[in-house]
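Asks: Below is one structure. I have some questions about it.
The values are calculated or read from the model by the stated rules, or taken from the named source; none is laboratory data. Being a predicted model, the structure only gives us computed values, none of them experimental. Cβ atoms come from the backbone with ideal geometry, glycine included; neighbour counts cover every protein chain shown.
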Amino acid sequence: MKLSQEQSAARELKVYETATKNGKDPSREIAKDREKRWVEIVQTISVPPAIESWVADMTVSHGPTCDFYSNRNVGWITALLICRYGEAEYFWPEGFTDLDAARAADWLSGKTPSGVEYTS
């Protein structure tokens, strides 16, 4: 389930406060919390064949995941969502568009988004 902006802010404030209290890196703890939430959300998004093909090509070229900003080992669908719509899942669409497929093709051709690190 996608959180609203208000729900996300409240949840991430709690994660921040807990991390700080326990001497952990708050930004990394927030990223880990997001990564867990995103797994379920990504499974509900409609993925057209062009994006499925891109995922397969990226997996061959770079492995099954990448790091994107503070997020570790995110799958390609999640990475494309972050690239196109940001980390706030309340902005993520229910399905990809032709513009998303075009951005994916650009990425595959070498226009890697800022913040991406290949993990393999």
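Asks: Which of the following residues is in a helix (DSSP H, G or I), within 20 Å of residue 118 (Cα to Cα), hydrophobic (A, V, I, L, M, F, W, C) and touching a Lys or Arg at 6+ places or on another chain (Cβ under 9 Å): 99, 80?
Replies: Matching residue, one of 99, 80: 80.
Asks: Filter the range 1-14 for residues that are surrounded by 11 or more Cβ atoms within 10 Å (Cβ to Cβ) and hydrophobic (A, V, I, L, M, F, W, C); which is nearest to the chain's Cα centre (by Cα)?
Replies: The extreme case among them is 3.
Asks: Looking only at the range 28-40, decide whether some residue is of a type in the set (A, V, I, L, M), surrounded by 15 or more Cβ atoms within 10 Å (Cβ to Cβ) and either in contact with a helix residue (DSSP H, G or I) (Cβ under 8 Å, 6 or more places away or on another chain) or at pLDDT 95 or above (or both).
Replies: Yes - at least one qualifying residue is present in the range 28-40.
Asks: Follow-up. Those residues that are in contact (Cβ under 8 Å) with a residue 12 or more places away in the chain, closer than 27 Å to residue 30 by Cα and either surrounded by 11 or more Cβ atoms within 10 Å (Cβ to Cβ) or of a type in the set (D, E, K, R) (or both), I need them from the range 104-120; list them, please.
Replies: Of everything in the range 104-120, those that are in contact (Cβ under 8 Å) with a residue 12 or more places away in the chain, closer than 27 Å to residue 30 by Cα and either surrounded by 11 or more Cβ atoms within 10 Å (Cβ to Cβ) or of a type in the set (D, E, K, R) (or both) turn out to be 104, 107, 113, 115, 116, 117, 118, 119.
Asks: Here's another thing I want to ask about it. Quick check on residue 17: is it among the charged types (D, E, K, R), surrounded by fewer than 13 Cβ atoms within 10 Å (Cβ to Cβ), over 18 Å from residue 115 (Cα atoms) and modelled with pLDDT of 95 or more?
Replies: Yes; evaluated as a whole, the condition is true for this residue.
Asks: Now, a different point. Of (1) within 9 Å of the chain's Cα centre (by Cα); (2) farther than 22 Å from residue 11 by Cα; (3) outside any helix (DSSP H, G or I), residue 113 satisfies all except one. Which?
Replies: (1)
Asks: Would you point out the residue of the range 68-94, among those that are within 9 Å of the chain's Cα centre (by Cα) and of a type in the set (Asp, Glu), that is surrounded by the fewest Cβ atoms within 10 Å (Cβ to Cβ)?
Replies: 87
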